[in-house]
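Beneath this line is the structure, given in structure tokens, with notes to follow.
Only the coordinates and a few stated rules stand behind these numbers; no lab work does. From a predicted model like this one, the values you see are computed outputs, not experimental measurements. Reconstructed Cβ throughout: ideal geometry from the backbone, glycine too, with neighbour counts over all protein chains shown.
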Amino acid sequence: MTADFKKFILNSFFISLLCFGASYLLFAFCCNQYYFKALPLIPLYFFLIYALTHYLLLKKAEDKFGKFSAMFILMTGLKMILNIAIIVLYVFQDKTRAIPFLIVFICYYIIYTLFEVVSLLNYFKKKKNEPTVLVQ
């Protein structure tokens, strides 16, 4: 496990705790009538999915950039399809709490997507600034 991935996991864990704490406090004190039982599962879902995809992307980043780009597009598409499937399943299961679920889910999606993109940009910036070692 690389240091970059460990850093991503640690930061992702803290983001999950922070977001869960904020959403829990919001629902506990301001919007109690909109609380839904799946709330604790959303940060866990995003933590696991983004950890897996980030790990795979970092592995591909060691290859050619073209392979990384293709993998990034593939992972983004798969995450979108999975997210849409989860949203549709939840909305059909609990129509009364669909709007609060959608709002929270989309907020987590935006936060985690921004975090992943910034992490990848920092990784490539760091990788670009590292001196290259020629092996003979």
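Some notes on this structure:
- For the chain, the residue among ALA51, THR113, PHE68 whose Cα projects farthest onto the positive side of the dipole built from Cβ charges is PHE68.
- Residues CYS30 and LYS64, FRET efficiency given R0 of 41 Å [Cβ-Cβ distance, rounded to 0.05]: 0.25
- Computed FRET value (nearest 0.05) for ILE81 with ILE9, which takes r as the C-beta separation and R₀ as 22 Å: 0.35
- Spin-label model, ILE103 to ILE73: label points 7 Å out along the Cα-to-beta-carbon direction sit 3.7 nm apart.
- The range 1-72, relative contact order in percent, only Cα pairs under 8 angstrom and at least six apart counted: 31 percent
- Label-to-label distance for LEU18 and ALA38 is 2.6 nm, based on points extended 7 Å past Cα in the beta-carbon direction.
- Computed magnitude of the charge dipole of the range 55-106 (debye, nearest 20; Cβ of K, R +1, Cβ of D, E -1): 60 debye
- MRE, 222 nm, helices only [DSSP H, n ≥ 4, -39500 (n - 2.57), over the chain, to nearest 500]: -28500 deg cm²/dmol
- Remark: ASP94, ASP63, ASP4 ranked as ASP63, ASP94, ASP4, counting other beta-carbon atoms within 10 Å and listing the fewest first.
- Dipole in debye (nearest 20) - the chain, about Cα centre, beta carbon charges: Lys, Arg +1; Asp, Glu -1: 200 debye
- For the chain, averaging the sequence separation of C-alpha pairs within contact (under 8 Å, six or more residues apart) and dividing by the residue count gives a relative contact order of 29 percent.
- Under-27-angstrom lysine pairs by C-alpha in the range 3-124, whenever the two are 8 or more apart or on separate chains: 18
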